[in-house]
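Just below is one structure, and these are the notes that go with it.
The values are calculated or read from the model by the stated rules, or taken from the named source; none is laboratory data. Note that the structure is predicted; figures quoted are calculated from it, not measured. A quick note on method: Cβ atoms are made from the backbone with ideal geometry, for glycine too, and the neighbour counts reach across all protein chains shown.
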Amino acid sequence: MADVHDAATRSRNMAAIRGSHTKPELTIRKALHAAGLRYRLHAKDLPGKPDLVFPRHRAAVFVNGCFWHQHDCHLFRWPTTRDEFWRTKIGRNVENDARATAALRQLGWRVAIVWECALKGRTRLDERGAMQELAAWIRSDDYSMTIRGR
(Lines give C-alpha, C1' and ligand atoms only; values in the text may rest on other atoms or scores of the structure.)
Protein backbone atom coordinates (compact mmCIF):
# COMPACT_ATOMS: atom_id res chain seq x y z
CA MET A 1 0.00 0.00 0.00
CA ALA A 2 2.83 2.40 0.81
CA ASP A 3 4.31 1.91 -2.67
CA VAL A 4 1.03 2.99 -4.29
CA HIS A 5 0.86 6.06 -2.03
CA ASP A 6 4.51 6.97 -2.73
CA ALA A 7 3.99 6.62 -6.48
CA ALA A 8 0.86 8.78 -6.37
CA THR A 9 2.65 11.44 -4.32
CA ARG A 10 5.62 11.42 -6.70
CA SER A 11 3.27 11.72 -9.66
CA ARG A 12 1.50 14.74 -8.12
CA ASN A 13 4.82 16.36 -7.21
CA MET A 14 6.19 15.86 -10.73
CA ALA A 15 2.99 17.26 -12.26
CA ALA A 16 3.44 20.45 -10.23
CA ILE A 17 6.81 21.17 -11.84
CA ARG A 18 6.51 23.80 -14.53
CA GLY A 19 8.26 23.55 -17.86
CA SER A 20 7.52 27.12 -18.81
CA HIS A 21 6.53 30.37 -17.11
CA THR A 22 8.81 29.55 -14.19
CA LYS A 23 9.76 32.15 -11.61
CA PRO A 24 13.26 32.72 -13.10
CA GLU A 25 11.72 33.03 -16.58
CA LEU A 26 9.14 35.56 -15.37
CA THR A 27 11.87 37.58 -13.66
CA ILE A 28 13.85 37.74 -16.89
CA ARG A 29 10.82 38.56 -19.01
CA LYS A 30 9.83 41.44 -16.74
CA ALA A 31 13.35 42.91 -16.71
CA LEU A 32 13.85 42.65 -20.48
CA HIS A 33 10.43 44.11 -21.21
CA ALA A 34 11.24 47.03 -18.89
CA ALA A 35 14.48 47.47 -20.86
CA GLY A 36 12.38 48.01 -24.00
CA LEU A 37 13.01 44.59 -25.55
CA ARG A 38 10.09 42.75 -27.14
CA TYR A 39 10.09 39.00 -27.57
CA ARG A 40 8.15 35.89 -28.49
CA LEU A 41 7.64 33.11 -25.98
CA HIS A 42 8.42 29.42 -26.50
CA ALA A 43 8.70 29.62 -30.28
CA LYS A 44 7.52 26.21 -31.46
CA ASP A 45 8.92 26.83 -34.92
CA LEU A 46 12.51 26.94 -33.62
CA PRO A 47 14.65 24.02 -32.41
CA GLY A 48 14.34 23.47 -28.66
CA LYS A 49 11.47 25.98 -28.31
CA PRO A 50 13.60 28.74 -26.74
CA ASP A 51 12.00 30.42 -23.71
CA LEU A 52 12.47 33.89 -25.21
CA VAL A 53 13.04 34.75 -28.85
CA PHE A 54 14.10 38.17 -30.13
CA PRO A 55 13.55 37.92 -33.92
CA ARG A 56 14.78 41.47 -34.59
CA HIS A 57 18.12 40.61 -32.96
CA ARG A 58 18.24 36.94 -34.10
CA ALA A 59 18.70 35.97 -30.45
CA ALA A 60 17.25 33.06 -28.50
CA VAL A 61 17.37 32.75 -24.70
CA PHE A 62 16.99 29.54 -22.72
CA VAL A 63 16.29 29.79 -18.98
CA ASN A 64 17.56 26.47 -17.64
CA GLY A 65 16.78 24.88 -14.31
CA CYS A 66 20.03 23.62 -12.83
CA PHE A 67 18.58 20.25 -11.78
CA TRP A 68 16.78 19.44 -15.03
CA HIS A 69 19.74 20.39 -17.22
CA GLN A 70 22.56 18.97 -15.04
CA HIS A 71 24.34 22.21 -14.29
CA ASP A 72 27.59 22.02 -12.36
CA CYS A 73 26.46 24.06 -9.34
CA HIS A 74 25.11 23.68 -5.82
CA LEU A 75 21.51 23.38 -7.07
CA PHE A 76 22.23 20.10 -8.90
CA ARG A 77 22.44 16.83 -7.01
CA TRP A 78 21.76 13.38 -8.37
CA PRO A 79 18.66 11.91 -6.72
CA THR A 80 19.41 9.03 -4.38
CA THR A 81 16.56 6.85 -5.66
CA ARG A 82 15.79 5.50 -9.14
CA ASP A 83 19.34 6.22 -10.25
CA GLU A 84 19.04 4.74 -13.75
CA PHE A 85 15.79 6.59 -14.47
CA TRP A 86 17.21 9.97 -13.46
CA ARG A 87 20.53 9.51 -15.26
CA THR A 88 18.67 8.60 -18.45
CA LYS A 89 16.15 11.43 -18.16
CA ILE A 90 18.62 14.17 -17.30
CA GLY A 91 21.17 12.85 -19.80
CA ARG A 92 18.52 13.07 -22.52
CA ASN A 93 17.78 16.69 -21.51
CA VAL A 94 21.48 17.58 -21.84
CA GLU A 95 21.64 15.92 -25.28
CA ASN A 96 18.50 17.75 -26.40
CA ASP A 97 19.97 21.06 -25.20
CA ALA A 98 23.15 20.53 -27.25
CA ARG A 99 21.17 19.50 -30.33
CA ALA A 100 18.83 22.51 -30.08
CA THR A 101 21.70 24.97 -29.59
CA ALA A 102 23.60 23.55 -32.56
CA ALA A 103 20.49 23.65 -34.77
CA LEU A 104 19.72 27.25 -33.80
CA ARG A 105 23.28 28.33 -34.56
CA GLN A 106 23.10 26.49 -37.90
CA LEU A 107 20.03 28.62 -38.70
CA GLY A 108 21.94 31.81 -37.86
CA TRP A 109 20.54 32.42 -34.38
CA ARG A 110 22.60 33.61 -31.44
CA VAL A 111 22.00 31.68 -28.21
CA ALA A 112 22.11 32.70 -24.54
CA ILE A 113 21.63 30.40 -21.58
CA VAL A 114 20.63 31.78 -18.20
CA TRP A 115 21.05 29.24 -15.41
CA GLU A 116 18.69 29.17 -12.43
CA CYS A 117 21.65 29.57 -10.02
CA ALA A 118 22.25 33.06 -11.43
CA LEU A 119 18.92 34.15 -9.93
CA LYS A 120 18.47 31.81 -6.97
CA GLY A 121 20.44 30.27 -4.14
CA ARG A 122 23.69 31.18 -2.47
CA THR A 123 25.51 31.87 -5.76
CA ARG A 124 22.91 34.23 -7.22
CA LEU A 125 24.10 37.36 -8.97
CA ASP A 126 22.89 40.90 -8.58
CA GLU A 127 19.66 40.55 -10.54
CA ARG A 128 19.69 44.05 -11.99
CA GLY A 129 23.27 43.75 -13.21
CA ALA A 130 22.69 40.31 -14.71
CA MET A 131 19.60 41.52 -16.58
CA GLN A 132 21.46 44.59 -17.89
CA GLU A 133 24.22 42.27 -19.12
CA LEU A 134 21.65 40.04 -20.86
CA ALA A 135 19.89 43.03 -22.45
CA ALA A 136 23.25 44.34 -23.71
CA TRP A 137 24.06 40.93 -25.21
CA ILE A 138 20.69 40.78 -27.00
CA ARG A 139 21.40 44.15 -28.61
CA SER A 140 24.97 43.17 -29.50
CA ASP A 141 26.36 40.95 -32.25
CA ASP A 142 28.06 38.56 -29.81
CA TYR A 143 27.58 34.94 -30.80
CA SER A 144 26.67 33.41 -27.44
CA MET A 145 26.35 34.10 -23.74
CA THR A 146 26.00 32.13 -20.55
CA ILE A 147 24.91 33.63 -17.25
CA ARG A 148 25.49 31.45 -14.21
CA GLY A 149 25.82 31.99 -10.50
CA ARG A 150 29.16 32.97 -8.94
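With aromatic (Phe, Trp, Tyr), surrounded by 13 or more Cβ atoms within 10 Å (Cβ to Cβ) and either at pLDDT 95 or above or outside any helix (DSSP H, G or I) (or both) as the only criterion, which of 86, 78 stands out? The conditions single out 86. Scanning segment 21-40 turns up at least one residue that is assigned to a loop (DSSP other than H, G, I, E, B) and at pLDDT below 95.
Can you confirm whether segment 50-72 contains a residue that is assigned to a loop (DSSP other than H, G, I, E, B), among the aromatic types (Phe, Trp, Tyr) and under 27 Å from residue 123 (Cα atoms)? So far as segment 50-72 goes, yes, one or more of its residues are assigned to a loop (DSSP other than H, G, I, E, B), among the aromatic types (Phe, Trp, Tyr) and under 27 Å from residue 123 (Cα atoms). Consider segment 63-84 and keep the residues that are under 10 Å from the mean Cα position of the chain (by Cα) and not aromatic (Phe, Trp, Tyr). The one that is farthest from residue 28 (Cα to Cα) is 69. The residues of segment 114-134 that are in contact with an Asp or Glu (Cβ under 9 Å, 6 or more places away or on another chain) and part of a helix (DSSP H, G or I) amount to a single one, 118. Could you check segment 138-149 and list, in sequence order, the residues that are touching a residue at least 60 places away in the same chain (Cβ under 8 Å) and crowded, with 19+ Cβ neighbours inside 10 Å? 138, 149, listed by residue number.
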